Amino acid sequence: DAAVERPLVRLFKPFDELLVDSKDFDVTALEKFIDASSTPKVVTFDKNPDNHPYLLKFFQSSAAKAMLFLNFSTGPFESFKSVYYGAAEEFKDKEIKFLIGDLEASQGAFQYFGLREDQVPLIIIQDGDSKKFLKAHVEPDQIVSWLKQYFDGKLSPFRKSEPIPEVNDEPVKVVVADNVHDFVFKSGKNVLVEFYAPWCGHCKKLAPILDEAATTLKSDEDVVIAKMDATANDVPSEFDVQGYPTLYFVTPSGKMVPYESGRTADEIVDFIKKNKETAGQAKEKAESAPAEPLKDEL
């Protein structure tokens, strides 16, 4: 291309505008240019293997992500696609990536984000802090205005949560994302909480042990043992859950420590008895060293 003013970096690609140029030779700027330009403006989540590399790059990115899920084979797919591609172009200078996903191919994403098929068509945003924002039953003409509300900070986060149990009378209490703060941090009790995955073998082995420990401590009104399915609920940011099972002990004064002691019922009971606080002790600690306010959002 003799008309090109050199030097420049030109990236050729098999999508969107097919080629794109940059004259910023700063290393960081070049990395950003290549990263942004080598992925489609809107990544397609379907069963086409040609799209898989872009999907991996999309989900591995730390940037905010906007995801529109609908049924590609029914409904007004083309009108959604046209509006959504227009939105991606309109907000191309924002730190956000765009994806359009077929309901049939996106079941894993639905499980991960806690979405339901009866909410489709839906759009969800996950920001860099893992907060999520959801618009279910979205119409094409609502997409741009909803995205503007997100960028203006006018949307409330969506939280993945199982329903709060109506009956919770087992020795180990069930907590979910919608009540974990009230149950663990605001109950005025000493709480040993387990974050588990239903498929985890170590969690299955630990379950009867926690039941035994909870039964042993049943008469102690200051103590609760609880569990949360971390695959079906958003884990609060206060807890660092990297694997399963992960256990934390939280006292009424707000002291929170990972439980890393033995995995027998006797060892769990002994730990709780040695580390628990009474209501009076908790009040004294709170008055002498007030805890930082807890975050209610994820």
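The values are calculated or read from the model by the stated rules, or taken from the named source; none is laboratory data. This one's a predicted model, so the numbers in the text were calculated from it and none came from an experiment. Neighbour counts run over all protein chains shown; Cβ positions are idealised from the backbone, glycine included. For accessibility, only protein heavy atoms count, side chains too; no ligands or nucleic acids. Shrake-Rupley method; radii C 1.70, N 1.55, O 1.52, S 1.80 Å.
Side notes on the structure shown:
- Per residue, the range 173-285 exposes 49 Å² of solvent-accessible protein surface, assessed with a 1.4 angstrom probe and all protein chains in place.
- Whole-number percent relative contact order across the range 39-152, with pairs defined as alpha carbons under 8 Å at least 6 apart: 33 percent
- Longest exposed-site-free window of the chain, the sites being GluC sites (Glu not before Pro) in a DSSP loop that have at most 14 other C-beta atoms within 10 Å: 18-94
- Using a Förster distance of 45 Å, the FRET efficiency for D24-Q242 (Cβ separation, nearest 0.05): 0.75
- Within the range 77-168, trypsin sites (Lys or Arg not before Pro) in DSSP loop having at most 16 other beta-carbon neighbours inside 10 Å: K92, K94, R116, K154
- Of the trypsin sites (Lys or Arg not before Pro) found in the range 176-241, those in coil by DSSP whose Cβ has at most 14 other Cβ atoms within 10 Å are K186, K218.
- Taking 7 Å steps out from each Cα toward its Cβ at E162 and A207 produces label points 1.0 nm apart.
- Cross-linked pairs K205/K227; K204/K274; K81/K148; K65/K160; K132/K173; K204/K227: Cα-Cα separations exceed 20 Å for K204/K274; K132/K173.
- Solvent-accessible area, 1.4 Å probe, carbon plus sulfur percent, for the chain: 50 percent
- Only helical runs count toward this figure. For the chain, summing -39,500 (n - 2.57) over DSSP H runs of n ≥ 4 and dividing by all residues gives -9000 deg cm²/dmol at 222 nm.
- Placing unit charges on each Cβ (+1 for Lys and Arg, -1 for Asp and Glu) gives the range 173-285 a dipole about its Cα centre, and among L206, F271, M228 the Cα reaching farthest toward its positive end belongs to F271.
- Largest-first ordering by accessible area, 1.4 Å probe, given options Y259, Y150, Y112: Y112, Y150, Y259
- Check: the range 33-81 dipole with +1 on Lys, Arg Cβ and -1 on Asp, Glu Cβ, in debye: 80 debye
- DSSP beta bridges confined to the range 39-152 are antiparallel in about 45 percent of cases.
- DSSP beta bridges in the chain [antiparallel fraction, %, rounded to 5]: 50 percent
- Farthest positive-ward along the chain dipole, Cα basis, beta-carbon charges - from S161, L56, Y84: L56
- About the Cα centre, charge dipole magnitude for the chain (Lys/Arg +1, Asp/Glu -1 at Cβ), debye: 220 debye
- Distance from the range 247-279 to the range 119-192 (C-alpha centre basis), Å: 28 Å
- Gyration tensor (alpha-carbon) shape descriptor, the range 173-285, a/c threshold 1.5: oblate
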